[in-house]
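Heads up, the thing below is written out as structure tokens.
The values are calculated or read from the model by the stated rules, or taken from the named source; none is laboratory data. All figures in this text were calculated on a predicted structure; none of them were measured in a lab. Note that we place each Cβ from the backbone using ideal geometry, even for glycine, and neighbour counts take in every protein chain shown.
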Amino acid sequence: MNLGKTLFAQLMEFVPWTSFARIVDRYGGDSRVRSLSCPEQFRAMSFAQLTYRESLRDIETCLLANRTKLYSIGFRSPIRRSTLADANEGRDWRIWADLAALLIRHARKLYCNDSFGIDLDNTIYALDATTIDLCLSLFSWAPFRSTKAAIKLHTLLDLRGNIPAFIHISDGKMGDVNVLDILPIEAGAFYVMDRGYLDFSRLFALHQAGAFFVTRAKRGMDARRVYSMPTDRNTSVICCDQRIAMNGFYILQGYPEQLRRIRFKDPESGKTWVFLTNNTVLPALTIAALYKSRWQVELFFKWIKQHLRIKRFIGNSENAVKTQIWCAVATYVLIAIVKKELKLDASLYSLLQILSVSVFEKTQLSQAFAGSGQLPNQTTFYNQLNLFDF
């Protein structure tokens with residue numbers, strides 16, 4: 001890379017601009033635009049994410065303070081908050097969703113051979129949703145409760161690299177289990193989810209698509225034992241490994257085939273967990289380990305809420321909120337791509353911290369991040385999540 005380019009300009013070189021131009025043309029993003037093109041809008045929103053800007057005025061002030069460097073990082077003219085606000089309100093949010101999907105496909109190819117602690121060749125997904133509370137008077141399009149608005153981020157996380165393979169943004173009233181109706185199903189993959197997604201008709205549709213699921217059983221589930229696999233209750237944490245059939249007319253209509261039920265006793269906490277799966281081949285301990293790995297999606301939600309600007313929004317409309325969230329996701333995945341392409345040992349947290357204070361520095365990315373893998377995250381930031389330390 002050219003040593004004369006700023007870190008921000010070098011980072012933006014990892015964006016596939018040619019493919020992005022086709023996305024912009026698809027939605028007419030730059031039609032009748034005199035200032036602030038779609039690439040400039042993404043640069044401004046990505047700059048806000050990287051430098052922790054909280055408002056339109058904040059973004060405008062920081063960029064104008066570096067007016068002489070704007071052209072070199074891709075801005076043809078100074079950024080005005082009114083222009084950026086209009087762009088976020090008016091331009092189709094699907095432009096940024098498609099850009100994020102483009103970057104996600106590239107990132108997943110880079111991380112597809114990474115290990116996450118379980119020796120399986122299958123793709124492992126963790127499915128969950130998180131709620132972001134909003135003010136009802138400002139975000140009336142996102143009803144949640146009588147006095148509160150909210151949006152939900154329904155996320156399918158690829159555990160190899162912790163890359164979000166699928167995200168659906170809905171209002172707070174949408175039930176978590178409903179996302180199974182629009183979820184892209186990959187044959188042979190494992191979908192790990194909590195018992196909030198226990199809907200037998202939807203799980204059977206997933207089973208018929210050739211995918212595997214691992215979830216928890218609810219209390220009082222009406223089922224009968226068909227067959228029990230032998231287990232050593234004296235030495236094993238597996239209390240039972242059974243084939244079960246559901247009772248009840250309507251449940252049988254939803255899931256007419258047998259399921260596998262595994263009762264697992266956690267040796268650390270002493271708690272007993274009951275798992276349900278349609279996979280009959282993997283060892284019971286592997287099924288238990290798969291469900292334990294679901295916790296990664298919870299850590300992912302905590303991480304993005306701490307380090308991305310998705311809890312305070314710079315626009316109130318549905319289009320502006322979705323634009324900000326998808327630009328945040330695209331920026332997150334872009335940093336993950338840079339980390340892998342440059343073979344950096346640093347965590348994503350370290351990379352974001354370095355970029356936040358040096359985006360206008362003129363040095364090579366690899367040199368700027370050199371030694372960042374040895375930052376004392378554990379000793380200095382006691383409450384900092386280190387999910388992305390590889």
### Query
Are any of the residues in the stretch 29-38 within 20 Å of A100 (Cα to Cα) and not in a loop (DSSP other than H, G, I, E, B)?
yes
### Message
For the stretch 258-278: of the residues being in contact with a helix residue (DSSP H, G or I) (Cβ under 7 Å, 6 or more places away or on another chain) and of a type outside the set (A, V, I, L, M, F, W, C), which is surrounded by the most Cβ atoms within 10 Å (Cβ to Cβ)?
### Response
T277
### Message
Can you confirm whether A217 is at pLDDT below 95, buried (at least 18 other Cβ atoms within 10 Å of the Cβ) and not acidic (D, E)?
### Response
yes
### Query
Which of the residues that make up the stretch 330-350 are touching a residue at least 40 places away in the same chain (Cβ under 8 Å) and either outside any helix (DSSP H, G or I) or in contact with a Lys or Arg (Cβ under 8 Å, 6 or more places away or on another chain) (or both)?
D345, S347, L348
### Task
Give me a count of the residues in the stretch 204-243 that are touching a Leu at 6+ places or on another chain (Cβ under 8 Å), in a strand (DSSP E or B) and within 25 Å of N122 (Cβ to Cβ).
6
### Message
Looking at the stretch 312-321, can you tell me whether even one residue there is of a type outside the set (S, T, N, Q) and in a strand (DSSP E or B)?
### Response
no
### Task
Name the single residue, out of those in the stretch 297-311 being part of a loop (DSSP other than H, G, I, E, B) and charged (D, E, K, R), that is nearest to A129 (Cα to Cα).
K311
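Condition check ((1) at pLDDT 95 or above; (2) farther than 26 Å from S115 by Cα; (3) in a loop (DSSP other than H, G, I, E, B)) across all residues:
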site	(1), (2), (3)
L252	no, yes, no
F264	no, no, no
P267	no, no, yes
L285	no, no, no
A288	no, no, no
## Note on the structure
Scanning the stretch 161-201 residue by residue, those in a helix (DSSP H, G or I) and farther than 28 Å from A149 by Cα turn out to be F200, S201
## Note on the structure
Selection over the stretch 350-368 where residues are farther than 21 Å from G74 by Cα and buried (at least 21 other Cβ atoms within 10 Å of the Cβ) yields a count of 2
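Check D176, D121 and return the single one that is at negative phi and exposed (fewer than 15 other Cβ atoms within 10 Å of the Cβ). Explain how you work it out, then say what you get.
Working: D176 fails: exposed (fewer than 15 other Cβ atoms within 10 Å of the Cβ).
Only one candidate passes the filter, namely D121.
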### Query
Is there a residue in the stretch 94-113 that is hydrophobic (A, V, I, L, M, F, W, C), within 30 Å of R216 (Cβ to Cβ), touching a strand residue (DSSP E or B) at 6+ places or on another chain (Cβ under 9 Å) and not in a helix (DSSP H, G or I)?
yes
## Note on the structure
Quick count over the stretch 317-349, residues being surrounded by fewer than 23 Cβ atoms within 10 Å (Cβ to Cβ) and more than 16 Å from the chain's Cα centre (by Cα), is 12
## Note on the structure
Among (1) under 21 Å from D119 (Cβ atoms); (2) surrounded by 18 or more Cβ atoms within 10 Å (Cβ to Cβ), M193 falls short only on (1)
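So that you can scan it fast, the table gives a plain yes or no per residue for (1) within 25 Å of F300 (Cα to Cα); (2) crowded, with 21+ Cβ neighbours inside 10 Å; (3) at pLDDT 95 or above:
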{"residue": "N66", "(1), (2), (3)": "no, no, no"}
{"residue": "P78", "(1), (2), (3)": "no, no, no"}
{"residue": "W93", "(1), (2), (3)": "yes, yes, yes"}
{"residue": "L102", "(1), (2), (3)": "yes, no, yes"}
